[in-house]
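The structure under discussion appears below in the form of structure tokens.
The values are calculated or read from the model by the stated rules, or taken from the named source; none is laboratory data. Here the structure is a predicted model, which is why all the values come from computation and not from measurement. Don't worry about glycine lacking a Cβ; one is built from the backbone with ideal geometry, like all the others, and counts go over all protein chains shown. When the accessible area is computed, the model is the full protein with side chains, heavy atoms only, and any ligands, DNA or RNA have been set aside. Shrake-Rupley method; radii C 1.70, N 1.55, O 1.52, S 1.80 Å.
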Amino acid sequence: LGGPLPHILAAKAVALAEADTPEFRAYAYQIVANARALAGACLEEGLRVATGGTDNHLLLIDVTPFGLTGRQAESALRECGITLNRNSLPEDPNGPWYTSGLRLGTPAVTTLGMGEAEMREIAHLVRMVLAGVRPEMKDGKPGKARYVLEERVKKEVRSRVKALLARYPVYPELDLEFLEEHFGASAPEAVAQRKA
């Protein structure tokens, strides 16, 4: 709660008006459908979904079967172009900093226009990375932060992420030809890098 700031009141009014539309209801429904599809695909890939599924916009994956901490898994996935967060699991042996889990959500990919078929691809890519990373050893013991990612896995996943995002651009309204003509040949590369 805060003061009655007019710009915040206006923002809330706009958000509530948008939430009262059939389009927003369809969007919210698709977010949950995508999350359920992603949870199911993760289970099919052999990943351990903490609750066995989901009824909302996110799910938790336990990465301990891979011998990883959530911090290692999060960092390796980001290195491959997949953004998510590490997350504690109930009674997490690694605590809230390193964690034993990953939190995956579907609002951003749903906003891009992705559907349930793309959730299967995302689950497969997550599985590929988790299977291709291992903790870095220090004094004969696995560390909790550093990791070693197979270069082959990194290259393949980054390529597949880039191909997926090319079908669902972040800014489809950008005219890349206009940018190239007026700002030089590097403009499309800069936009492509932002998308990846």
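Structural remarks
- Ligands, DNA and RNA aside, residue 137 has an accessible area near 120 Å² when probed at 1.4 Å.
- Residue range of the chain that is longest and free of GluC sites (Glu not before Pro) which are both DSSP loop and sparsely packed (at most 10 other C-beta within 10 Å): 1-90
- Note, ³J(HN,Hα) from phi for segment 19-25, Karplus 6.51, -1.76, 1.60, rounded to Hz, x at Gly and Pro: 5, 8, 9, x, 4, 5, 4
- Under the simplified labelling scheme, the residue 24-residue 91 pair shows an inter-label distance of 4.1 nm, with each label point 7 Å from Cα along Cα→Cβ.
- Charge dipole magnitude, Cβ of K and R +1, D and E -1 - the chain, Cα centre, debye nearest 20: 800 debye
- The order of 102, 174 by accessible area, most exposed first and with a 1.4 Å probe, is 174, 102.
- In the elastic network of the chain, a GNM with C-alpha springs shorter than 10 Å, the most mobile of 76, 166, 33 is 166.
- With both labels modelled 7 Å from their Cα along Cα-to-Cβ, the residue 56 to residue 134 distance reads 3.7 nm.
- Considering helices alone, the calculated mean residue ellipticity of the chain at 222 nm is -17000 deg cm²/dmol, with DSSP H runs of length four and up weighted by -39500 (n - 2.57) and normalised per residue.
- Placed amide H near residue 136: partners under 5 Å, 5+ positions off or other chain: 143, 146, 147, 148
- Overall form of segment 1-141 per C-alpha gyration tensor (a/c, 1.5; a/b vs b/c): prolate
- Furthest towards positive pole of dipole, 163, 147, 6, structure part the chain, Cβ charges: 147
- A 1.4 Å probe run over the chain, with the rest of the protein chains in place, finds 61 Å² accessible per residue.
- Carbon + sulfur, % of accessible area of the chain - ligands and nucleic acids excluded, 1.4 Å: 56 percent
- Spin-label proximity, residue 141 to segment 59-77 - amide N less than 12 Å from point 7 Å beyond Cα toward beta carbon: none
- If you plug the beta carbon distance of residue 44 and residue 174 into 1/(1 + (r/R0)^6) with R0 = 35 Å, you get a FRET efficiency near 0.45.
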